[in-house]
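Here's the structure we're looking at; comments come further down.
Here, each number is a calculation from the coordinates, and none is a lab measurement. Since the structure is predicted, the reported quantities are computational estimates derived from the model, not experimental observations. Counting neighbours? That spans all protein chains shown, and the Cβs are built from the backbone with ideal geometry, glycine included.
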Amino acid sequence: MKNIGILIIVLLLCFSCKSYDYKLSNLEHKTLTFDELPFEVKKYLANRPKCEDYNMLLFVDLADTTNYIEETVGTLTGPWVDYEKVIDKRKDISYRINQGVPPPYIIFRNKLYIPDRYDILCGNSIVEAIYTEYQLK
């Protein structure tokens, strides 16, 4: 009977600690230059006011604003950021973006575009940046 109790506790701990976030590295992805981005994404980035305050998550198509949200997950101790999550509210799926990945995170047609450098919206960095396109599930 004692072994069954220990087994139940171990199973509860194992299942309660499981994360249901998709890691970006596990998603299908490819690297693109600015010229290889979809026309709508290039147009959106080129027409944004430079160096304005912006959210970490940008939507090329405003219809996506009802489908996706961004959430900051803090560390267990202290006021620090552990990682960011992009959540697909329709499918109840979240995508984990590790600390140190430069924003903004751009959503367009079930794809997530992330630049390789910070502050791409200031100056001409949008053209120089390399983007990783992730196919969202």
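Report the calculated FRET efficiency for Lys23 and Arg109 (r = Cβ-Cβ distance, R0 = 25 Å), to the nearest 0.05.
Taking R0 as 25 Å, the efficiency between Lys23 and Arg109 is 0.70.
Let me have the relative contact order for the range 20-135, percent, based on Cα pairs under 8 Å that are six or more residues apart.
Relative contact order comes out at 35 percent.
For Asp35, what is the net charge nearby, where nearby means another residue's Cβ is under 13 Å from its Cβ and Lys, Arg count +1, Asp, Glu -1?
0
Tell me what the chain gives for mean residue ellipticity at 222 nm when only DSSP H runs of n ≥ 4 count, each as -39,500 (n - 2.57), the sum divided by the residue total, rounded to 500 deg cm²/dmol.
One gets -6000 deg cm²/dmol as the mean residue ellipticity at 222 nm.
Lysines within cross-link reach of Lys137: Cα-Cα under 30 Å, excluding same-chain residues under 8 positions apart?
Lys18, Lys23, Lys30, Lys42, Lys43, Lys85, Lys89, Lys91, Lys111
Sum up the charges of everything whose Cβ sits under 9 Å from the Cβ of Ser94, counting Lys and Arg as +1 and Asp and Glu as -1, but leave Ser94 out.
Surrounding charge for Ser94 is -2.
Which value does Rg/Rh take for the range 20-135 over its C-alpha atoms, Rh per Kirkwood?
For the range 20-135, the value is 0.95.
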